Amino acid sequence: MVGTMNIVSSIALLGAGCLLLSGLLEAKPRTCRIVYPERPRGAPKVAWLFDGEHSRSISLPDKTLSPVMPLPEGELVLVMTPEEVGAPEALPPQAPRLRIPGEVADFYILITPDPGNPVLPVRMDLVDSQEGGLKPGQTLWFNRTQHQIVAKLGDTALVVKSQARAISTKPAAESGYYTAEFQYRVNGEGPLVRITEQSWWHDAGSRHLGFIVSAGGRLPKIFFYRDFRSP
């Protein structure tokens with residue numbers, strides 16, 4: 001009887017250990033990527049990001065996303081500086097800051113120009129990729145114009161109001177080429193005006209960030225970033 005009880009106890013402990021190990025293996029570190037979609041000519045391409053403990057060098061690319069960056073857990077206040085900072089008391093008071101709530105585990109930092117900031121001419125905004133459930137194959141669109149955007153992306157339709165965000169679902173079930181057709185209503189009114197129709201590649205394994213921006217009186221400019229993460 002004692003031997004049987006020992007065997008049962010061992011099995012129970014082994015099962016609990018497997019569940020714990022499974023939880024540890026499934027736990028993902030907190031990560032973010034930086035995107036700077038409208039970086040002006042001459043703007044800084046490199047900066048430092050202080051996470052409350054450490055200051056790290058980061059890239060501010062305009063044509064691609066930054067490398068994936070791990071960050072500490074819990075609520076954070078990120079501070080961006082032009083040079084490395086070793087302690088919180090050394091941070092410039094006017095340096096760009098961004099609060100990250102403790103429950104946000106996967107996000108992007110959207111950089112926009114801020115010429116009035118004397119420390120670093122940028123602004124940081126949080127884009128929570130968990131909010132709204134951005135999934136592989138989908139695109140989170142940012143309409144940064146005063147126009148309403150109407151699009152047909154493969155098998156799906158998309159409408160993005162002025163200065164708003166929207167998520168488009170997968171344009172096709174699998175990776176492959178699809179037709180992307182964009183139109184807009186000037187200032188949200190009147191008939192639809194065609195912007196472009198192109199053949200785009202759909203990556204079913206990546207999330208995407210799409211931007212519609214003004215182009216100096218011409219047709220709105222459209223581009224997107226592909227965020228592929230290795231499983």
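The values are calculated or read from the model by the stated rules, or taken from the named source; none is laboratory data. Please read all numbers here as calculations on a predicted model, not as lab measurements. Backbone-built Cβ (ideal geometry, glycine too); neighbour counts: all protein chains shown.
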### Message
Being of a type outside the set (K, R) and farther than 17 Å from A180 by Cβ: is that true of Q130 here?
### Response
yes
### Task
List the number of the failed condition for Q163; all other conditions in (1) polar (S, T, N, Q); (2) surrounded by 14 or more Cβ atoms within 10 Å (Cβ to Cβ); (3) part of a loop (DSSP other than H, G, I, E, B) hold.
(2)
### Message
Can you go through A215, A172, A164, A157 and tell me which one is without any contact (Cβ under 8 Å) to a residue 40 or more places away in the chain, over 20 Å from L65 (Cβ atoms) and touching a His at 6+ places or on another chain (Cβ under 6 Å)?
### Response
A172
### Task
Evaluate the range 15-36: report whether one residue or more is under 27 Å from S214 (Cα atoms) and at pLDDT below 90.
no
### Residues of the range 132-158 classified as assigned to a strand (DSSP E or B) and more than 21 Å from D203 (Cα to Cα), total
4
### Query
For the range 67-99, what are the residues that are within 17 Å of the chain's Cα centre (by Cα), assigned to a strand (DSSP E or B) and in contact (Cβ under 8 Å) with a residue 40 or more places away in the chain?
P70, L78
### Task
Could you check, for the range 43-51, whether at least one of its residues is assigned to a loop (DSSP other than H, G, I, E, B), free of Cβ contacts under 8 Å to residues at least 12 places away in the same chain and not acidic (D, E)?
no
